[in-house]
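The values are calculated or read from the model by the stated rules, or taken from the named source; none is laboratory data. Everything numeric here is computed off the predicted structure, so don't read it as measured data. No Cβ is skipped: glycine too gets one built from the backbone with ideal geometry, and neighbour counts run over all protein chains shown. Accessible surface is based on the protein model in full, side chains and every heavy atom, while ligands, DNA and RNA are left aside. Shrake-Rupley method; radii C 1.70, N 1.55, O 1.52, S 1.80 Å.
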Amino acid sequence: MEILLRRKWIIAAGLLPALLIYTLFSVYPILSSIYFSLFKWDGFSPKQWHGLQNYVNLIGDGVFWQSIRNNLYFVLFSVLGEIPLGLYLAIMLNGKLFRRDGIFRTVFFMPVVISTIVVSLIWNMFYNYQFGLVNTALRAFGLDHWAQNWLGNPKLAIFVLCIVVVWQYTGLYMVIFLAALQNVPSEVLEAAELDGAVGFKRTWNIVVPIIADTIFASVVLCISGALRAFDLIFIMTNGGPNHSTEVGATYMFAQTFNSMKYGYGSAISTAIIIISFGLIMISQFMMRSLKR
C-alpha cells in the first residue's frame, strides 16, 4: 500500500509540469476571455462593467449566426469529405499494389505540410476569373456561362473554401488511418478472405470495426479543426464578400482588433468555445451510440 501511494505521488509529480503548462496556456486564456466578455472595453481605456449585455447583443447579431453557420458548413464538409477520402486513400495505399510505393503517400500528404499562405495563393490562382484553371477548363469544354468569380460570389464562396480545406487536410487523416490499418492483424484478414469477405465487404465488416476508435478520434479532430478555421479564410477572402465567408474566428478577430470591441470579441470567443464543446459532446454521444 505504501509503495502504491509512493508511486501515485511520483506519477502526480511527473504530470504536474504538463498540467501547469496546460493551465497556463489553455485554461487561463479561456477564463480570461470569459472575464473580459463581461466588460465594455476597447483594450486601452478603463473597463466598464457590462454584465451579460455582450451576450444579449451577440444573440441578436446576424453576422455572428452567419459565421456559426459557415463554421457548421466547414464541419460538415470536413467530416463527410476528409474522413471518407482519407480512409479510401489509406486503404488504397495499404493494398498490395501501392504498399511499397512511398511516392503516393508523399504526394497525398504534401498539402498538409505546405504553408497555408502558399495554399491560399495556389487556390486563389485556380479560382481566378480571367486565367484561373477552373474557369479555363470550363471555357475549354464550352461551358463559358459557368465561368465566374468563384470567391466573389456570396452564394458559392463558402463552399469553394470548403473544397480547399478538404484538399489540404485529407492527407492528414490518410496517414492516421494508414497507421491504424497497418496494425490490423493479417490473420484476421486472411480468415475473412477464406470466409469469402473480400473488397468492400471485408473493409466494411472487418476493417472498419477494428479501426473504429481511430475513426471516431479523427472525427473529433476534424470537428475541432473545422471550428478553429481562421488563417485560410483570412488570407483568401477575409470573411467577404459581405460576410458570406465569415467564420467565428475571423468575426471575433474583426470585432476585437479592427472594431476595438475587446469585450464583445471575448464574448464571441466564449460562445465559440461553448458551441465547439457542445458539438464535440454530441459527436461523441453519437459515436458511442454507433459503437453499441
Can you tell me which residues in the range 261-281 are more than 21 Å from S78 (Cα to Cα), open to solvent by 50 Å² or more (accessible area, probe 1.4 Å) and assigned to a helix (DSSP H, G or I)? Y262
So for the range 175-189 (the condition being closer than 26 Å to G278 by Cα and of a type in the set (V, I, T)), does at least one residue qualify? yes
Residues of the range 83-119 satisfying the condition of being closer than 25 Å to A212 by Cα, among the hydrophobic types (A, V, I, L, M, F, W, C) and crowded, with 16+ Cβ neighbours inside 10 Å: I83, L85, L87, L89, A90, I91, L93, F108, F109
List every residue pair whose Cβ atoms lie under 8 Å apart, where the two residues are 6 or more positions apart in sequence or sit on different chains, the first residue falls within the range 55-66 and is under 15 Å from A249 (Cβ atoms), and the second residue, located anywhere, is of a type in the set (S, T, N, Q). Q66/S244
Being over 18 Å from the mean Cα position of the chain (by Cα) and touching a residue at least 12 places away in the same chain (Cβ under 8 Å) is the filter; apply it to the range 209-236 and report the residue that is surrounded by the most Cβ atoms within 10 Å (Cβ to Cβ). I211
Being of a type in the set (A, V, I, L, M, F, W, C) and under 30 Å from G240 (Cα atoms) is true for just one of V27, V63. Which residue is that? V63
Among the residues of the range 82-91, is any touching a residue at least 24 places away in the same chain (Cβ under 8 Å), in contact with a Cys (Cβ under 8 Å, 6 or more places away or on another chain) and of a type outside the set (S, T, Y)? yes
I'd like the full set of residues that are among the aromatic types (F, W, Y) and over 30 Å from N242 (Cα atoms), limited to the range 157-177. Y173, F177
A careful count of residues in the range 168-202 that are open to solvent by 60 Å² or more (accessible area, probe 1.4 Å), of a type in the set (A, V, I, L, M) and free of Cβ contacts under 8 Å to residues at least 12 places away in the same chain gives 2
Would you check if there is a residue in the range 239-257 being assigned to a loop (DSSP other than H, G, I, E, B), touching a Leu at 6+ places or on another chain (Cβ under 6 Å) and more than 29 Å from M281 (Cβ to Cβ)? no
Go through the range 237-255 residue by residue and tally those that are in contact with a Phe, Trp or Tyr (Cβ under 6 Å, 6 or more places away or on another chain) and open to solvent by less than 10 Å² (accessible area, probe 1.4 Å). 1
Listed by range, helices (runs of 4 or more DSSP H) wholly within the range 120-206 having at least 2 residues that are under 28 Å from L221 (Cβ atoms) are 157-181, 186-194, 199-202
